[in-house]
1. Looking at the stretch 301-326, which of its residues are small (Gly, Ala, Ser), surrounded by fewer than 17 Cβ atoms within 10 Å (Cβ to Cβ) and modelled with pLDDT under 90?
2. Filter the stretch 23-45 for residues that are touching a strand residue (DSSP E or B) at 6+ places or on another chain (Cβ under 9 Å), in a loop (DSSP other than H, G, I, E, B), more than 12 Å from Ala93 (Cβ to Cβ) and among the small types (Gly, Ala, Ser) and give the result.
3. Go through (1) over 28 Å from Gly156 (Cα atoms); (2) among the basic types (Lys, Arg); (3) surrounded by fewer than 16 Cβ atoms within 10 Å (Cβ to Cβ) for Arg207 and report which single condition fails.
4. May I ask you to verify whether Arg80 is part of a loop (DSSP other than H, G, I, E, B) and either closer than 15 Å to Val8 by Cβ or of a type in the set (Lys, Arg) (or both)?
5. List pairs: first in the stretch 229-251 and of a type in the set (Asp, Glu), second assigned to a helix (DSSP H, G or I), Cβ under 7 Å, 6+ apart or cross-chain?
6. Give the number of residues within the stretch 118-172 that are among the small types (Gly, Ala, Ser), within 10 Å of the chain's Cα centre (by Cα) and not in a strand (DSSP E or B).
7. Where the second residue is among the small types (Gly, Ala, Ser) and the first is farther than 14 Å from Pro154 by Cβ and lies in the stretch 266-279, which pairs have Cβ atoms under 7 Å and are six or more apart or on separate chains?
Amino acid sequence: MSDPDISVVICVYTEDRWEDILAAVSSVRAQSRPALETLLVVDHNAPLLDRLAEEYKEPQQTRQVRVLANAGPRGLSAGRNTGIAAARGDVLAFLDDDAVAERDWLRHFAEGYTDPRVMAVGGRTVPIWASGRRPHWFPEEFDWVVGCTYKGLPPGRVQVRNVLGGNASFRRRAFDVAGGFATGIGRDGDKRPLGCEETELCIRLTRSRPEAILLIDDRAVIHHRVPETREHFGYFRTRAYAEGLSKALVARSVGTDKGLESERRYATRVLPAGVARGLRDAALARPGGAGRAGAIVAGVLTAAGGYVVGTLRTRRGAPAFSVAEIGEGGA
């Protein structure tokens, strides 16, 4: 498949992101390599569904944007699965509803599929900070907290264990092989700042097809909006704890060896180097150095605590999390 048709799926859930949603769709329509279609999957929000259906009311024969209701339970995983079922493309690309894609985003995705063994291609996600700049204390090693590519991932087009869900694509037959995204792991609107649903799917995929290749191409760039509420340490801590809970669910599903394979390298190499840089910057009186080093240590301890709690609960057959415990997040 040298030139696959690509369907783009954007899952949406709140009218608070109306302008962001329109910008995301516009960025897909402006691609140098056109998409076959854009699917907007609305997560159990009837007013938003009606408003988007009116916004993108197009003649059937020229329709490029299709508005759908999430056919499954509330949450991002079920929304993506709804898009998968409805899409017509050979490849399905996923874009966050508060992100915009650079003009060659889909072209770089398509280039990755010239090798028939490639089952997924992800890209690079760059933060757009609401305050105009990165908080001094916020370490780049933890940019996954705000849904962005983090320091420590290898540059270029490289093979990886898993792609990152807000900027990713899969061959359609990957879902035939591995099934869809698992519900109960990913996000649920503003209530569960969980993640890892794409990690669990990618591990299932490569277990079913050991010859499958998964790539990240850092030329496939999107720009992801980070709201002011996520620039504070409270959200950082909450999201890190939720990541630990999510990793416990993934480990239960696919085993500890695969579930934590990449995390071991991250924890033993990338994070210690980040702490050392922060302490060096502090010694040189550079702003934020001590804060970044402290945030890395706090993030590791908080995520580890979430993992321990999630593991103990899943072993007892209890839910790995409670909404009250992990607090408010966002998709």
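1. Selection gives Gly317, Ala318, Ser322, Ala324.
2. Matches in the stretch 23-45: Ala30 only.
3. It is condition (1) that Arg207 fails.
4. Judged against the criteria, Arg80 is not a match.
5. Glu243/Ala303; Glu243/Gly306
6. So the answer is 3.
7. Sorted first by the residue in the stretch 266-279, then by its partner, the pairs are Val275/Ala293; Gly278/Gly289; Gly278/Ala290; Gly278/Ala293; Leu279/Gly289; Leu279/Ala293.
Every residue, every condition in (1) at pLDDT below 90; (2) part of a helix (DSSP H, G or I); (3) among the hydrophobic types (A, V, I, L, M, F, W, C), yes or no:
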| position | (1), (2), (3) |
| --- | --- |
| Gly180 | no, no, no |
| Thr183 | yes, no, no |
| Arg187 | yes, no, no |
| Thr199 | yes, yes, no |
| Thr206 | no, yes, no |
| Ala220 | no, no, yes |
| Arg230 | no, yes, no |
| Tyr235 | no, yes, no |
| Val250 | yes, yes, yes |
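The values are calculated or read from the model by the stated rules, or taken from the named source; none is laboratory data. Keep in mind that this is a model prediction, so the values were computed, not measured. So basically every Cβ, Gly included, is an ideal-geometry build from the backbone, and we count neighbours across all protein chains shown.
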